[in-house]
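**Student:** Got a structure here, written out as structure tokens. Questions coming.
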Amino acid sequence: MIKPPYKLRCEYVENPIEIDTPFPRFSWILEHEQRNQSQSAYQIIVSSEESLLNSEKGDLWDTGKIISENNINIEYNGKPLKSNEMYFWHVKWWDKDNSESSFSRFSSFGMALLEKSDWKSKWISKKDFVDKKTRISLQYKSGGVGLFGRLKEVNAIYLRKEFNVEKQIEAAKLYISGLGYYELRLNGKKIGDRILEPAQTDYNKIALYSTYDIIDHLQERNAIGVILGNGRCVELYGYDFPKLIVQIQIQYTDGTSEIICTDESWKLSTGPILENGIYYGEKFDARLEMPGWDNPNFEDSAWDNVSVVEGYNLASQLMQPIQITKVMTPQKVESPQPGMYIYDFGQNFTGFIRLKVQGPRGCQVKVRFAELIKEDGTLNTATNRSAPVTDIYILKGEREEIYQPHFTYHGFRYVELTGFPGVPSKDSIEGYFFHSNVPKVGEFFCSNELINKIHTNIIWGQLSNLMSIPTDCPQRDERHGWMGDAQIVSEEAMLNFDMALFYTKYLRDIQLSQKEDGSISDVVPPHWPIYPADPAWGSAYITIAWHIYWYYSDIRVLKEHYESFKLYIEFLSNTSKDNILSIGKYGDWCPPMCIVSKRTPIDLVSTWYYYHDTLIFSKIAKILGNDKDCTYYSEKAKEIKDAFNREFLMHTYKYIKVSFTDRAISQTSNVLPLSLNMVPENREKEILNSLIEAIRGHYDYHMDTGLVGTRYILEVLTENGYPEIAYKMITQTSFPSLGYMIKEGATTIWERWEKLESSGMNSQNHIMLGSVDTWFYKTLAGIKSLTPGWKTFRIKPFISEDMNYAQAKLNSIKGLIYSAWEKKDLNFKLTVIIPVGCDAEVWVPIKDENSPIKEGDTVIWDREERGTGHLGITFKSKEDNYVVFNIGSGYYEFSS
Ligand code: BGC
């Protein structure tokens, strides 16, 4: 008997209840005791009742035995699925020898609201907002590229409604969208543990609703309460005012059902949250609390009636919510001035703090946040720029009071308390780290402590910048979806986290930002509408989609965006002149000692991305079977490549622009064409050599790259035979290097290579230079996919003289991939795990021709190929210091 499939997922989630596509896709993972196994067939059954599965009959879909190796994203093709229903499915498989498994345990999925007409509820809000009596007062302050908005004196609003449930309930779901942000409460308790919901979008195009199973929270008499915060749903970003829609659908055991809606009958009040804004912080007056407001039988006759208002288009928020993932305790607390207490968490992170305080009524505690500290021990808030980042709590004067904000977040390491009654202790505050809670799928670890620390800083920085959109930074007056930052780390993010849903949603945001002429904005959602995007920023659209396809074998995203990609490429084409693109603004943004590179021409970077995107688009056309487009755009890519070389390839063995005064060789200008094999063959060697020479000489093994070059340089050096130079560069500790940042105390990745602690561009928590993490997985652990969906991949670790071991685990869409190598005395060991259905090329390093290679206890190579077929290992070739084998699934231990 072979084992049944496990980890059943529908649209990437194990038991989703918010599916709003009529054709959800199913995936599963396989295990087998034998090596070299794969699936030859599967059978999926989908039913409306769990009990039907037990009898192995599906009333909705029974695929029968389907001959196929595929176990990823199999699209539903049964009877129509209905809104608000739950469904059950299971699957079995046949291995390559046609042995049949039993059925898996069953899994379920729930449909959300498929049709617009399923929404019976109305959007509601505060009458004063509608009448423009209490306008959301915004202080506008212009600067740089856009507007930095602050919100002051704007209360959050509290909305409530009571209802009865008189019969026995079979199922109850609640659908809600509350903009900017909502907190949902039912019968006195917060429902769920989501923060800053819903996910940000361009609300004028689409707003997202979340789905909650509330069956366990309902009683005979119920009260639903919702607090609405401002978030970005304010005039500054092109919206009118906060608003809410809720729909509760209850099914009773007697077959009847009931819907409870937002409508004119809801009541509204202001409450203790006096101010709230993303950048501003929150002001909470506990004296204004309304005990019982979210419980039944609350006296709300003094509350206002709500107004029914115009709403937004809705879609289900099928992505991981923002949740607290770690409680942080302060490392120390000091008092640099009387009445001022500074806490140090020892780690830069995103979130807020929970305050514990006891004191007289009306006493006001002020909490401020910063990434840095001054020499005198007080906060250095320079990196917050104009964002006030201040929470204020006014005590009601009871025993111990506990407060945490609702609708704001901060990026910080240090916290300042003033106005605290008495002397606060270390545990007067607790930090909460939160972010979009994407599952961790990758782990990397090696014998070099500096590399481990860089990796750890990247993980903190990456998570800090996942706030339902990929943000540039979490602390200052931006926190926007800057797409250059997003695209440049998208592969790093996918190696570390399951990003399928997060990026699928973000691609939709990008699509919605596209103008008729095909252009997209630098910032998406376009809360700063900056059109057209710098091509390195705009490339996020095609680059992220391509990675989704590559890592998750997802063709649907390519289909859904195909026409928009094409429109974007056409936009680039229309704005180019002789295939050179000059619409860039940032280029290789933030290399050492400047913001805009002095050595890498912006046009070069823009035109390179134009080539990159056109080339990928031609591949997408091919995958989708559009041969005409494929031919057209591959030709186009060739023309761009020729133009690129004509314009930027100098006879002085380097890519540069003659007009540049700095004559030092630009790393990025040479790395980019090398990375896409654009350099004419007869000149490749000289370009590579001059790059290497400059790195060794002029740059003394330091990076001189901005966000673009940093992404590619280590990989280009490695692929071209210089991994040890890449290693030397990444392990630098003098300026400019990531090691230098760490030496200077960084616990995340800085925006700039320089230590900058006064005003300007100086975020301590930007993720863009974190793209180097891919090199750790792909080179030090050596795991690199060769075909989409991990069907085939390579394990080729680079064994640095300097290191004793490295290991990486990847919970890929196909299952666990593992690569771990270790030097011990004179022996070398490489352990790998290959998931069922995958083929891998394993490159086992050898010291010299005479060192035999074993797998387990069997010699599998000693200068000659041996008969290793019985072990599921085939000799492929001998390349330099490696012997290459082809292997199938299973666990292997190679030694030499
Ligand atoms: C952001 C960046 C962004 C850039 C655009 C900055 O202010 O923080 O990370 O990509 O502007 O040049």
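The values are calculated or read from the model by the stated rules, or taken from the named source; none is laboratory data. As the structure is a prediction and not an experimental result, all values here were calculated from the model. Heads up, the Cβs are rebuilt from the backbone with ideal geometry, glycines too, and the neighbour counts pull from every protein chain shown.
**Student:** Only one residue in Glu751, Glu757 is in contact with a strand residue (DSSP E or B) (Cβ under 6 Å, 6 or more places away or on another chain) and more than 12 Å from Tyr701 (Cα to Cα). Which one?
**Tutor:** Glu757
**Student:** Which numbered condition trips up Ile248, out of (1) of a type outside the set (Asp, Glu); (2) buried (at least 23 other Cβ atoms within 10 Å of the Cβ); (3) assigned to a helix (DSSP H, G or I)?
**Tutor:** Single failed check for Ile248: (3).
**Student:** Same structure again: So, in the stretch 571-609, of the ones that are among the basic types (Lys, Arg) and part of a loop (DSSP other than H, G, I, E, B), which residue ends up nearest to the ligand (Cβ to nearest atom)?
**Tutor:** Lys585
**Student:** Mind checking whether some residue in the stretch 286-304 is under 30 Å from the mean Cα position of the chain (by Cα) and basic (Lys, Arg)?
**Tutor:** No: zero hits.
**Student:** Of all residues in the stretch 251-289, count the ones that are touching an Asp or Glu at 6+ places or on another chain (Cβ under 9 Å), aliphatic (A, V, I, L, M) and either modelled with pLDDT under 95 or in a loop (DSSP other than H, G, I, E, B) (or both).
**Tutor:** So the count comes out to 1.
**Student:** Of the residues that sit in the stretch 514-536 and are of a type in the set (Gly, Ala, Ser) and in a loop (DSSP other than H, G, I, E, B), which one is farthest from the ligand (Cβ to nearest atom)?
**Tutor:** Taking the candidates together, the pick is Gly518.
**Student:** Find the helices (runs of 4 or more DSSP H) located wholly in the stretch 469-513 whose residues include 3 or more that are farther than 27 Å from Asn811 by Cβ and more than 10 Å from the ligand (Cβ to nearest atom), and list them.
**Tutor:** Answer list for the stretch 469-513: 500-513.
**Student:** Just one of Met741, Met761, Met768 is within 13 Å of the ligand (Cβ to nearest atom) and crowded, with 23+ Cβ neighbours inside 10 Å; which is it?
**Tutor:** Met768
**Student:** Just to be sure I understand, how many residues within the stretch 427-454 are crowded, with 23+ Cβ neighbours inside 10 Å and either over 22 Å from Tyr409 (Cα atoms) or without any contact (Cβ under 8 Å) to a residue 40 or more places away in the chain (or both)?
**Tutor:** 4
**Student:** Please verify whether the stretch 802-814 includes one or more residues that are surrounded by 22 or more Cβ atoms within 10 Å (Cβ to Cβ) and either within 16 Å of the ligand (Cβ to nearest atom) or farther than 23 Å from Tyr549 by Cα (or both).
**Tutor:** yes
**Student:** Output the qualifying pairs, or none if there are none: Cβ atoms under 6 angstrom, residues six or more apart or on different chains, first residue in the stretch 481-499 and of a type in the set (Ser, Thr, Tyr), second residue more than 14 Å from the ligand (Cβ to nearest atom) and assigned to a helix (DSSP H, G or I).
**Tutor:** Ser490/Ile544; Ser490/His547
**Student:** When you check Gln462 against the structure, is it within 15 Å of the ligand (Cβ to nearest atom), under 21 Å from Lys778 (Cα atoms) and touching a residue at least 24 places away in the same chain (Cβ under 8 Å), yes or no?
**Tutor:** Yes.
**Student:** Which members of the stretch 551-573 meet the condition of being over 14 Å from Tyr632 (Cβ atoms) and among the acidic types (Asp, Glu)?
**Tutor:** Residues satisfying the conditions are Asp554, Glu560, Glu563.
**Student:** Here is a further query. Applying the selection to the stretch 65-92, what residues are touching a strand residue (DSSP E or B) at 6+ places or on another chain (Cβ under 6 Å) and not in a strand (DSSP E or B)?
**Tutor:** Lys65, Glu69, Asn71, Ile72, Asn73, Gly78, Leu81, Ser83, Asn84, Glu85
**Student:** Hey, another quick one. Does the stretch 751-770 contain at least one residue that is touching a Phe, Trp or Tyr at 6+ places or on another chain (Cβ under 9 Å), modelled with pLDDT of 95 or more and part of a helix (DSSP H, G or I)?
**Tutor:** yes
**Student:** Let me ask something else about it. Can you find a residue in the stretch 611-619 that is away from the ligand (no atom under 16 Å from the Cβ), of a type outside the set (S, T, N, Q), in contact (Cβ under 8 Å) with a residue 60 or more places away in the chain and not in a helix (DSSP H, G or I)?
**Tutor:** no
**Student:** Additional query: Val327 is checked against (1) surrounded by fewer than 21 Cβ atoms within 10 Å (Cβ to Cβ); (2) not in a strand (DSSP E or B) and fails just one. What number does that condition carry?
**Tutor:** If we test Val327 against (1) surrounded by fewer than 21 Cβ atoms within 10 Å (Cβ to Cβ); (2) not in a strand (DSSP E or B), just (2) comes out false.
**Student:** If you don't mind, another one. Specify which of the listed residues (Tyr777, Tyr818) is within 22 Å of Ala493 (Cα to Cα), at pLDDT 95 or above, of a type in the set (Phe, Trp, Tyr) and in a strand (DSSP E or B).
**Tutor:** Exactly one of Tyr777, Tyr818 is within 22 Å of Ala493 (Cα to Cα), at pLDDT 95 or above, of a type in the set (Phe, Trp, Tyr) and in a strand (DSSP E or B), namely Tyr818.
**Student:** Can you go through Ile19, Ile74 and tell me which one is in contact (Cβ under 8 Å) with a residue 12 or more places away in the chain, of a type in the set (Val, Ile, Thr), in contact with a Phe, Trp or Tyr (Cβ under 7 Å, 6 or more places away or on another chain) and surrounded by fewer than 20 Cβ atoms within 10 Å (Cβ to Cβ)?
**Tutor:** After ruling out the rest, the residue left standing is Ile74.
**Student:** Take the conditions modelled with pLDDT under 95, part of a helix (DSSP H, G or I), farther than 28 Å from Asn496 by Cβ and over 23 Å from the mean Cα position of the chain (by Cα) and apply them to Glu647. Does it pass?
**Tutor:** Criteria met by Glu647.
**Student:** Considering the stretch 39-58 alone, what residues qualify as being touching a strand residue (DSSP E or B) at 6+ places or on another chain (Cβ under 6 Å) and exposed (fewer than 15 other Cβ atoms within 10 Å of the Cβ)?
**Tutor:** Within the stretch 39-58, just Glu50 meets the criteria.
Yes/no matrix, rows are residues, columns are (1) touching a Pro at 6+ places or on another chain (Cβ under 9 Å); (2) crowded, with 24+ Cβ neighbours inside 10 Å; (3) not aromatic (Phe, Trp, Tyr):
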residue: Pro470; (1), (2), (3): no, yes, yes
residue: Trp482; (1), (2), (3): yes, yes, no
residue: Ala486; (1), (2), (3): yes, yes, yes
residue: Ala493; (1), (2), (3): yes, yes, yes
residue: Ser519; (1), (2), (3): yes, no, yes
residue: Ser539; (1), (2), (3): no, yes, yes
residue: Ile542; (1), (2), (3): no, yes, yes
residue: Ala545; (1), (2), (3): no, yes, yes
residue: Glu570; (1), (2), (3): no, no, yes
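**Student:** Can you pull out every residue in the stretch 261-284 that is crowded, with 20+ Cβ neighbours inside 10 Å and among the hydrophobic types (A, V, I, L, M, F, W, C)?
**Tutor:** Those that are crowded, with 20+ Cβ neighbours inside 10 Å and among the hydrophobic types (A, V, I, L, M, F, W, C): Trp266, Leu268, Ile273, Ile278, Phe284.
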